[in-house]
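The block underneath contains the structure these notes are about, expressed in structure tokens.
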Amino acid sequence: MRRPSKTLVLGVALLISAVTGLGSCSSEVRTTAADDGPIKIAFVPKVAGLAYYDAMNAGGMAAAKQLGAQWLTKGPATVDPAAQTAIVRDLVAQHFDVIAVAPNDPAALAPAIADARARGVHVLTTDTDAPRSQREVFVSQASPEGVGTALVDSLMAKTGGAGKFAIVSCGETAANLNAWIDVEKSYTAQRYPKAQIVETVYAGEDTTTATELAKQVLDRHPDLTGLIGECTTSAPGVAQAVRDQQKIGRVYTVGTGTPQTMKPYLLDGSCTASVLWNVESLGYLTAWTAQQLAEGRGFSPSNNVSPELPAVKYDQRARTLLLGDPLLITQNNVDQFKY
């Protein structure tokens, strides 16, 4: 099934206009230059240059090639929400069919998403959500419960289910990270009453800042037994802090770092485990979802996306596709992943 032709789109718009009495067809109605040409998909990560998003991009490019679509990645140089919003608006002006974005600030991005939809551009969120926006679907890497409980369980396995730990996150408004933190707090209180989360700090998407903040937390809490690096830049940051302060074996860390970034820390014990997912598969699912939207296809409760993704679940109420369960990456399996 191909996307509707320009003639059909305009015809339907005119019919609706005539029936509803809303006057002539708005100039904002979305048309495409080539009705049967490749679907144009743009991926906007939180920030450019991160290994995590490079892996997502690789998966998206592979899917687009197989699907016969065009794929472009354009991320902001910083996590400034205004910079990401400007990119989304520019992509709308360039007449992309679908924009897949990982919002830095869901509230700040919502008006740009609304404008894109008003102009007929499909918008999905991926990796992190903007649930109160007009996005059409969210491509989620794993459930908040899956990620949050796995991080806590991995850390508690090393500290005997007790002790004090802190969280070093990235953006304060990142919906996915905040959802995981909420789970970690409630799950720790319920499952590990002898453990305590002493504080949560935010480093943006900067590993050096994460390291410095983690060191400050360690100084403030000499009896700290653990650190969680909530994102792919803070995970190596907290491990580096433990390494620098020579506390390997006394302070344990877990996080959501990419495998090859975390490998040195997994091997020397400054990180116990990385809780992640197949990032390239997340990119693949993102491109597949974009194609489905552009072609007017819906989603089933279970979707056969590819041989590697034969049963991707769709939650119609939340309009969310779920990649699957998180993966636990340790020194024993880290080399299975090349990113």
request  = Could you tell me which of the residues 257, 283, 171 is crowded, with 16+ Cβ neighbours inside 10 Å, touching a Pro at 6+ places or on another chain (Cβ under 6 Å) and under 30 Å from residue 312 (Cα atoms)?
outcome  = 257
query = If you check every pair at least six apart or on different chains, which have Cβ atoms under 9 Å apart with a residue in the range 264-285 that is more than 13 Å from residue 336 (Cβ to Cβ) and free of Cβ contacts under 8 Å to residues at least 24 places away in the same chain first and a residue that is open to solvent by 40 Å² or more (accessible area, probe 1.4 Å) and among the β-branched types (Val, Ile, Thr) second?
reply = 269/248
message = What's the total number of residues in the range 305-325 that are under 17 Å from residue 280 (Cα atoms) and of a type in the set (S, T, N, Q)?
response = 1
Count of the range 148-171 residues which are closer than 25 Å to residue 206 by Cβ, modelled with pLDDT of 95 or more and assigned to a loop (DSSP other than H, G, I, E, B) = 1
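Would you say residue 159 is farther than 26 Å from residue 61 by Cα and surrounded by fewer than 24 Cβ atoms within 10 Å (Cβ to Cβ)?
Working: farther than 26 Å from residue 61 by Cα: yes; surrounded by fewer than 24 Cβ atoms within 10 Å (Cβ to Cβ): yes.
For residue 159, the condition - farther than 26 Å from residue 61 by Cα and surrounded by fewer than 24 Cβ atoms within 10 Å (Cβ to Cβ) - is met.
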request  = Could you grab me the full set of residues in the range 160-217 that are over 28 Å from residue 108 (Cβ atoms) and basic (Lys, Arg)?
outcome  = 164, 191, 194, 215
ask   = Is it true that some residue in the range 185-193 is out of contact with any Leu (no Cβ under 9 Å at 6 or more places or on another chain) and among the basic types (Lys, Arg)?
value = yes
message = Just the residues that are of a type in the set (S, T, N, Q) and in a helix (DSSP H, G or I), please, taken from the range 81-98.
response = 84, 85
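Kindly establish whether residue 137 is over 12 Å from the mean Cα position of the chain (by Cα), hydrophobic (A, V, I, L, M, F, W, C), closer than 22 Å to residue 292 by Cα and modelled with pLDDT of 95 or more.
Spelling it out, residue 137 is indeed over 12 Å from the mean Cα position of the chain (by Cα), hydrophobic (A, V, I, L, M, F, W, C), closer than 22 Å to residue 292 by Cα and modelled with pLDDT of 95 or more.
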message = Quick test for you: out of 190, 196, 246, 216, pick the one residue that is part of a loop (DSSP other than H, G, I, E, B), surrounded by fewer than 20 Cβ atoms within 10 Å (Cβ to Cβ) and either without any contact (Cβ under 8 Å) to a residue 24 or more places away in the chain or not small (Gly, Ala, Ser) (or both).
response = 246
message = Filter the range 140-156 down to the residues that are surrounded by fewer than 22 Cβ atoms within 10 Å (Cβ to Cβ) and closer than 23 Å to residue 108 by Cβ and list them by number.
response = 144
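Whether any residue in the range 105-112 is open to solvent by less than 10 Å² (accessible area, probe 1.4 Å), in contact (Cβ under 8 Å) with a residue 24 or more places away in the chain and part of a helix (DSSP H, G or I) is what I want to check. It would help to see each step written out before you state the result.
Going residue by residue through the range 105-112, those that are open to solvent by less than 10 Å² (accessible area, probe 1.4 Å) are 109, 112.
Next, from what is left, pick out any that are in contact (Cβ under 8 Å) with a residue 24 or more places away in the chain: 109, 112.
If we keep only those that are part of a helix (DSSP H, G or I) too, we end up with 109, 112.
Looking through the range 105-112, at least one residue is open to solvent by less than 10 Å² (accessible area, probe 1.4 Å), in contact (Cβ under 8 Å) with a residue 24 or more places away in the chain and part of a helix (DSSP H, G or I).
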request  = Filter the range 315-339 down to residues that are within 21 Å of residue 143 (Cβ to Cβ) and free of Cβ contacts under 8 Å to residues at least 24 places away in the same chain and give me whichever is least open to solvent (accessible area, probe 1.4 Å).
outcome  = 315
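Within the range 265-339, considering only strands (runs of 3 or more DSSP E) that don't extend past its boundaries, which have at least 3 residues that are of a type outside the set (A, V, I, L, M)?
Numbers: elements: 273-276, 312-315, 320-322, 327-329.
Filter on the range 265-339 gives 312-315.
Looking at residue 240, is it modelled with pLDDT of 95 or more and under 22 Å from the mean Cα position of the chain (by Cα)?
Numbers: modelled with pLDDT of 95 or more: yes; under 22 Å from the mean Cα position of the chain (by Cα): no.
Answer is no for this residue.
Which one of these is among the hydroxyl-bearing types (Ser, Thr, Tyr) and closer than 26 Å to residue 336 by Cβ: 253, 188?
On the way: 188 fails: closer than 26 Å to residue 336 by Cβ.
Unique residue meeting the criteria: 253.
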query = Going by the structure shown, is residue 239 surrounded by 20 or more Cβ atoms within 10 Å (Cβ to Cβ), among the aliphatic types (A, V, I, L, M), closer than 20 Å to residue 326 by Cβ and touching a Pro at 6+ places or on another chain (Cβ under 9 Å)?
reply = yes
query = (1) among the polar types (S, T, N, Q); (2) under 12 Å from the mean Cα position of the chain (by Cα); (3) closer than 30 Å to residue 192 by Cα: which one isn't true of residue 126, the others all being true?
reply = (3)
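The values are calculated or read from the model by the stated rules, or taken from the named source; none is laboratory data. Please read these numbers as outputs of a predicted model, since none were measured by experiment. A quick note on method: Cβ atoms are made from the backbone with ideal geometry, for glycine too, and the neighbour counts reach across all protein chains shown. Heavy atoms of the whole protein, side chains included, go into the accessibility calculation; ligands, DNA and RNA do not. Shrake-Rupley method; radii C 1.70, N 1.55, O 1.52, S 1.80 Å.
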